[in-house]
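The values are calculated or read from the model by the stated rules, or taken from the named source; none is laboratory data. The structure displayed is predicted, hence computed values, not measured ones. Backbone-built Cβ (ideal geometry, glycine too); neighbour counts: all protein chains shown. For the accessible areas, the whole protein counts, side chains as well, though only heavy atoms, and no ligand, DNA or RNA atoms are used. Shrake-Rupley method; radii C 1.70, N 1.55, O 1.52, S 1.80 Å.
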Amino acid sequence: MNDMTKIERTVDMQTNKISAKNVQVHYGDTHAIKDVNVEIQDKTVTSFIGPSGCGKSTFLRCLNRMNDTIDICRVQGDILLDGEDIYDKRVDPVQLRAKVGMVFQKPNPFPKSIYDNIAYGPRIHGLARNKAELDEIVEKSLRRGAIWDEVKDRLHAPGTGLSGGQQQRLCIARAVATEPEVLLMDEPCSALDPIATAQVEELIDELREKFAVVIVTHSMQQAARVSQKTAFFHMGNLVEYDDTTKIFTNPEDSRTEAYITGRIG
Amino acid sequence: MTDMTANGVPEATPHAKSSLLTQDAHTKQRNAAEKRFRIYGITAIAIGLVFLVLLISSILFKGVGAFQQTKLTLQVELLEAKLDKSGTRDIEKIKKVTTFGYNPLIDTAIKRALEEGGIENPFSKGKDLRKLLSSGAAAQIREFVVANPDRIGDTVEFKLLASSRVDGYLKGRVSRESLARDKNLTPVHLDMVDQMRETGVVNKGFNLSFITGADASESRPEQAGIGVSMLGSFYMMLVVLTAALPIGVAASIYLEEFAKQNWFTDLIEVNISNLAAVPSIVFGILGLAVFIQFAHLPQSAPLVGGLVLTLMTLPTIIISTRASLKAVPPSIREAALGVGASKMQTVFHHVLPLAMPGILTGTIIGLAQALGETAPLLLIGMVGYIASNPPEGLIDGFLSPNSAMPAQIYEWAKRADPAYYERAWGGIIILLLFLMTMNIIAILLRRRFERRW
Ligand SMILES: Nc1ncnc2c1ncn2[C@@H]1O[C@H](COP(=O)(O)OP(=O)(O)O)[C@@H](O)[C@H]1O
Ligand SMILES: [Mg+2]
């Protein structure tokens, strides 16, 4: 009983990092996201689940304006990061993306050395004043990416020569190197084998200490394992958003229940 | 033809009884079809190879003669009485002596060579003797004298160009029978040549001046070289490279990475593809109208030729650059944008380096096309006997009238003298060597820069 109240209190104390209000996304005539409202908390792993094509990736890509690169994509509504509208005219999406890092489904290291993969972001944002500082950032990021021990002896070997799981952790390390506040991950484990998946999941749990992490996953077990909050999307609607335990044990909406019991998907 | 069951009639054979050790009728049929197809393929390749070998061997066979030239080694006494009557070595006065004034020296030198070799001289007039030599021989000596006036009075050994008939005789192009219809040389000359070859006066050697020299007038094929038009081609390629590469790459990057997809960019895209198929002579007449008649750039100048070829090469470069930009996986762009790179940083730090091998290959192929292009050059006056001296310096190279290798070859092939025919083939060998070198560079660059991602 005592324990329960403690958890409740910590959740209450957590601040909202991102709040989305009445978000609508259209791809040309396709209405991909319909009126989504969600509050994403800091220092929490939030997972987006739902059948494929329901708009999880689309919504995730709204959070760092990655959708700007798609000509036909139109975003309406408000998305606030620490109270500031990221779709405000004065916001430079490039600056935003340094604050809101992203990890993609398929590991996509640059065809450069491991060192340069990590150093690229800090370099273009001017985070290091000299080589020593840059070295430090690279090491710190690789440690955070839980891959330092595996690559410290071959920092100048190409990043593309690593295994799939190592590449994905390298990409996570690359994303944290720019000191973001939010980390978006779009199905980061779907191209990985079970062992690599376990390593990445463990890493995500550690990242929670510093960042707000949003992860899209098609695996309900994964959502249950790594996240504290879960949002269930269905056909562009945010059907239900609650504590992960609540979603998986006692969902309110019948569609959520149908999905987690395997009847839709 | 091959797959009968594809038409829907299922094979009736019950597969329980069939053995893997014997082929059924259907398999046999398919294997036979495959075998036939392979034979077609091999035949096609063999035919292609035969033509290639024929082409190369005939080019080599016909063109190799241009790289050799017959010369007469003569001891010429540079008589002061003829070349510098005043004896003051005043260069202006020496220059006043025309090539005509050198003829007696040449006559004496030939007679001396005949005497030393014990060869009978059936000609009384020096004019007949001089037919053995190129009409440029006197100029060759005069050039030497003007450059070294202090040698007047000495006897100097010269290697003088033989006339194109004598050269043709040594190369098998001219025979005693063919001379029956030729006023320029008689069989008696050929007898003398035979004897002079034995005494070592007449020699056939490597013809460096073909590679370095300028074109010559119609009557002196033995003097004509491709060197100056090679320089013309070189300056044109400089223009094409410096104009077409940046314009083409910038245009492709903009179209591929920045421009919004709408009807206007679609229109541009269609037009660029169409431009690649426009006959090159159209670009020639465009260049004539715009660069020469409107902009008043000098006629026959490699600058104008280069600009015309730039227009022609641009579509090739744009198409290949866009293709290689397209081939860079979008995940690389996402990765760069995801860490907060701007659009331009994404393109220049990540996309362009990966597209580089393709861009370079396309550019070199475009350049190679431009190098071999003749038709547009006809219209801007870059054909014909134009430059007699190599250009002096860069600006002269761009602006003074010149020809280009393929235009020079066309010009030679057009001329009546068979000696020029041989030179046209020789020019083609050089042109092909250039193209081959460029292709090899393209392959090496592709190998060098190619990386997996
Ligand atoms: N680039 C795009 N252009 C047009 N439609 C798109 C694009 N990306 C996604 N969509 C559409 O938006 C909807 C949601 O897609 P997505 O967000 O990728 O789903 P999820 O990630 O949940 O599988 C789908 O109907 C899909 O067809
Ligand atoms: Mg998705």
Worksheet item: Somewhere in region A:79-101, is a residue within 16 Å of ligand 2 (Cβ to nearest atom) and open to solvent by 60 Å² or more (accessible area, probe 1.4 Å)?
Response: no
Discussion item. Taking the condition of being open to solvent by less than 20 Å² (accessible area, probe 1.4 Å) and either within 14 Å of chain B (Cβ to nearest Cβ) or more than 16 Å from ligand 1 (Cβ to nearest atom) (or both), how many residues in region A:176-196 meet it?
Written reply: 11
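Answer yes or no: is there a residue in region A:203-221 that is within 16 Å of ligand 2 (Cβ to nearest atom) and either of a type in the set (Lys, Arg) or in a helix (DSSP H, G or I) (or both). If you could, list the steps in order and put the result at the bottom.
Our first condition is that a residue be within 16 Å of ligand 2 (Cβ to nearest atom); within region A:203-221, this holds for A:214-220.
Applying the additional criterion that residues be either of a type in the set (Lys, Arg) or in a helix (DSSP H, G or I) (or both) yields A:220.
For region A:203-221, residues within 16 Å of ligand 2 (Cβ to nearest atom) and either of a type in the set (Lys, Arg) or in a helix (DSSP H, G or I) (or both): present.
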Fill in: Counted residues, region B:124-154 - those being among the polar types (S, T, N, Q), closer than 25 Å to B:ASN207 by Cα and open to solvent by 20 Å² or more (accessible area, probe 1.4 Å)
3
Practice prompt. Sort out which residues of region B:317-342 are under 30 Å from B:MET230 (Cα atoms) and either outside the structural domain of B:LEU275 (by TED's automatic domain parsing) or buried (at least 22 other Cβ atoms within 10 Å of the Cβ) (or both), and write them in order of number.
Written response: B:ILE317, B:ILE318, B:SER320, B:THR321
Worksheet item: Just checking, which of A:PRO188, A:PRO180 is within 16 Å of ligand 2 (Cβ to nearest atom), within 12 Å of the chain's Cα centre (by Cα) and assigned to a loop (DSSP other than H, G, I, E, B)?
Response: A:PRO188
Response to the item:
Picked from region A:46-66 (must be in a loop (DSSP other than H, G, I, E, B) and more than 13 Å from ligand 2 (Cβ to nearest atom)), the residue farthest from A:LEU207 (Cα to Cα) is A:ARG65
Response to the item:
Listed by first then second residue, the pairs whose first member lies in region B:339-352 and is under 22 Å from A:SER141 (Cα atoms) and more than 7 Å from chain A (Cβ to nearest Cβ), whose partner is assigned to a loop (DSSP other than H, G, I, E, B) and not charged (D, E, K, R), with beta carbons under 8 Å and at least 6 positions apart or on separate chains, are B:HIS349/B:ALA341
Worksheet item: Of the residues B:SER252, B:SER273, which is hydroxyl-bearing (Ser, Thr, Tyr) and loosely packed, with under 13 Cβ neighbours inside 10 Å?
Response: B:SER273
Worksheet entry | Unique match (being under 28 Å from B:VAL304 (Cα atoms) and open to solvent by 20 Å² or more (accessible area, probe 1.4 Å)) among B:GLN345, B:GLN369 | B:GLN369
Fill in: Pick from region A:144-161, criterion open to solvent by 10 Å² or more (accessible area, probe 1.4 Å) and within 14 Å of chain B (Cβ to nearest Cβ), ranking: nearest to ligand 2 (Cβ to nearest atom)
A:THR160
Practice prompt. Within region A:56-71, work out how many residues are within 9 Å of another protein chain (Cβ to nearest Cβ) and modelled with pLDDT of 90 or more.
Written response: 2
Worksheet item: Tell me, which helices (runs of 4 or more DSSP H) lie completely within region B:211-310 with 1 or more residues that are touching a residue at least 60 places away in the same chain (Cβ under 8 Å) and under 28 Å from the mean Cα position of the chain (by Cα)?
Response: B:227-253, B:280-287
Worksheet item: Are any residues in region A:1-55 at pLDDT below 90, hydrophobic (A, V, I, L, M, F, W, C) and under 20 Å from the mean Cα position of the chain (by Cα), and if so, which ones?
Response: A:VAL11
Item to complete: Please identify the pairs in which a residue from region A:21-33 that is away from ligand 2 (no atom under 16 Å from the Cβ) has its Cβ atom under 9 Å from the Cβ atom of a residue that is open to solvent by less than 40 Å² (accessible area, probe 1.4 Å) and among the aromatic types (Phe, Trp, Tyr), counting only partners at least 6 apart or on another chain.
Response: A:VAL23/A:PHE59
Worksheet entry | Test result for B:MET356, touching a helix residue (DSSP H, G or I) at 6+ places or on another chain (Cβ under 8 Å) and not in a loop (DSSP other than H, G, I, E, B) | yes
Worksheet entry | Selected residue (only one of A:LYS56, A:LYS112 is buried (at least 17 other Cβ atoms within 10 Å of the Cβ) and within 16 Å of ligand 1 (Cβ to nearest atom)) | A:LYS56
Worksheet item: Which of the residues belonging to region A:122-137 are within 14 Å of chain B (Cβ to nearest Cβ) and in a helix (DSSP H, G or I)?
Response: A:PRO122, A:ARG123, A:ILE124, A:HIS125, A:ILE137
Discussion item. Take the conditions among the aliphatic types (A, V, I, L, M), within 13 Å of ligand 2 (Cβ to nearest atom) and touching a residue at least 40 places away in the same chain (Cβ under 8 Å) and apply them to A:ILE40. Does it pass?
Written reply: no
Fill in: region A:63-78, subset over 13 Å from A:VAL182 (Cα atoms) and open to solvent by less than 10 Å² (accessible area, probe 1.4 Å), residue nearest to ligand 1 (Cβ to nearest atom)
A:ASN67
Response to the item:
Considering residues that are within 20 Å of A:LEU207 (Cα to Cα) and assigned to a helix (DSSP H, G or I), the number found within region A:85-121 is 8
Item to complete: Please identify the pairs in which a residue from region B:142-155 that is in contact (Cβ under 8 Å) with a residue 60 or more places away in the chain has its Cβ atom under 9 Å from the Cβ atom of a residue that is among the hydroxyl-bearing types (Ser, Thr, Tyr), counting only partners at least 6 apart or on another chain.
Response: B:VAL145/B:TYR102
